[in-house]
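Coordinate-derived values only; no laboratory data. As the structure is a computational prediction, the values presented were derived from the model and not from experiment. Methodologically, a virtual Cβ is constructed for each residue, glycine included, from the backbone with ideal geometry; neighbour enumeration extends over all protein chains shown.
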Amino acid sequence: MADVARLASVSLGTVSNTLNNPDKVSDSTRRRVLGAIAELGFVRNDAARSLAAGTSTTVGIVLADLGNSLFVDIARGAEAALRRRGMNLLIADSAIDIDRQLNYLQTFEQARVAGIILAPLDSAIVEEPSRLTSTTPMVLVNFESRRHIYSGVVTDERRGGYLAARHLLDLGRRRIAFVGGPLIFRAVELRYEGARAAVDEVEGATLELIETLGVNIKHGKQAGRQLAAATRPQFDGVVAASDLIAIGLIQVFEETPGFSVPRDVAVVGYDNNHFASESSIPVSTVSQPGEEMGGVAAGLLLDEIWGRAKDEKQTVVLPPTVIPRKSTLGDAWRRD
């Protein structure tokens, strides 16, 4: 800024006003300062500005996995809500790596962002005070703080699992498998509890848990090969803990005689990933309102930043919905 002031023959304060309060500067002076800025290639250091002013207009969001389009939708909703309030968003992808997630949190802390939206990979990150020493305002998304340390927004995961199993039961399926895990993932645990509640309502219906090592396509394929080892399907319906698991299952079933989807085995996924409707057999799924979740999280965070938050931390719970497709409806389903 000193170089700009020297070239434009103005004071340092005039350069500052040109950048931050242009109405205080005459048109001719403003043009002279802007010309000097262009000639020198000056770029304002917002990090230093935030340190000096004690404020920032930047928020960081640390997501679990951008390979899951739910988190893309969450980021989109948060960005739109923050932009309307004059704030900017920096996005970090944990890629399902806890060390990477902790590193991004530290990076945002060092950058002095105004606040952080976090989609935790592990409950220990936010429930054990020793894991996070951040003083930056923070809210959670797609995760509920059981100890009420942070506010946040979630979808009703138990209700989602219930709706997925209920959809299969309403189609006459009675031998249901819940495929996914491990159940150390709180969201998966709640989805399983919901599916269990739905099955328990129907006399003669059964539910068996088949845990996997993760929630991606390869884990769905591994479970699919395990199920396809039988001479005929042990189950006539599957609730998959994610769309990726559902797609992996379907890929194996398509290659296995006697496991036609959905004639022999109907499959419901979870998350409504963007590609779920475009797979070879479009996947029925439980949809979470990702953009709304991101917008709500941004609003909660701004309340924290601006000192408007309630003393008691709150978790906003949004409802999921079932989107039936060919993997459960078969030829009765028609693409929109």
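Some points to look at:
- Here the extension length gained between Asp27 and Asp3 equals 6.6 nm, from 0.36 nm per residue of separation less the Cα-Cα distance.
- Fully extended contour minus Cα-Cα distance, from Asn20 to Thr206, at 0.36 nm per residue: 60.4 nm
- Residues whose placed amide H lies under 5 Å from that of Gly115, excluding near-sequence neighbours: Gly60
- Rel. contact order, % - alpha carbon contacts under 8 angstrom, at least six apart, the chain: 17
- Selection from Ser284, Leu302, Val238, by position along the positive dipole direction of the range 229-311 (Cβ): Val238
- Annotation for Thr321 and Asp156: the two label points, set 7 Å from Cα along the Cα-Cβ direction, are 1.5 nm apart.
- Rounded to 10°, Cα long-axis angle of helix 217-228 versus longest principal axis of the chain: 10
- The eigenvalues of the Cα gyration tensor, multiplied by 5 and square-rooted, give the range 254-316 an equivalent ellipsoid with semi-axes of 42, 11, 6 Å from largest to smallest.
- Helix-only [θ]222 nm of the chain, DSSP H runs n ≥ 4, -39500 (n - 2.57) each, per residue, nearest 500: -13000 deg cm²/dmol
- Here the Gaussian network model covers the chain, with springs between Cα atoms less than 10 Å apart; of Ala198, Ala240, Ala229, Ala229 fluctuates the most.
- Remark: spin-label model distance Arg112-Ser260 equals 6.7 nm, labels positioned 7 Å along the Cα→Cβ axis.
- The phi-based Karplus calculation (6.51 cos²θ - 1.76 cosθ + 1.60; θ = phi - 60°) puts the 3J(HN,Hα) values of the range 159-167 at 5, x, x, 4, 5, 4, 5, 4, 4 Hz, whole numbers, x for Gly and Pro.
- Given charges at Cβ of Lys, Arg, Asp, Glu: the range 119-263 dipole, positive-most of Ile247, Thr212, Leu171: Ile247
- Sites Ile98 and His148 - FRET efficiency at Förster radius 22 Å, r taken between beta-carbons, to 0.05: 0.50
- A Förster radius of 51 Å combined with the Cβ-Cβ distance from Asp311 to Arg232 puts the calculated FRET efficiency at roughly 0.30.
- The distance linking the range 252-279 with the range 298-319 is 39 Å (Cα centroid to Cα centroid, whole angstrom).
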